[in-house]
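Data block below; observations after.
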Amino acid sequence: MASYGHAKEDLLTRLRKIEGQVRGIQRMIDEDKYCVDILIQISAVRSALDKVGLMLLEHHTRGCVVRALREGGGDADSAVSELTDVMRRFIR
């Protein structure tokens, strides 16, 4: 089971809302809406995606990484390396 398993429905709900926001932005562009209004909506989508990403990162850290650290061995080093790599990619 994935480390985010217990939050799966919340994550999917958030992603569906983001999908709706993106469709709304498409509609705004199709209807020639004011640029500033569109940019505000794009900012809201980015923020919502960042929240989902942070939730997943937290679940990964509290689940997979903690489990690897408790078990020790080579898995601990690779789990920390993977975590720092994914954090580096996420904060770009």
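The values are calculated or read from the model by the stated rules, or taken from the named source; none is laboratory data. Note that the coordinates shown come from a computational prediction; the quantities given were computed from them, not determined experimentally. Glycine also receives a Cβ, built like all others from the backbone with ideal geometry; neighbour counts cover every protein chain displayed.
Considering the chain, the qualifying helices (runs of 4 or more DSSP H), each wholly inside and each with 2 or more residues that are at pLDDT below 95, run over 35-60, 66-71, 74-90. Are any residues in region 52-84 within 24 Å of Leu15 (Cα to Cα) and loosely packed, with under 12 Cβ neighbours inside 10 Å, and if so, which ones? The answer is Leu54, and nothing else.
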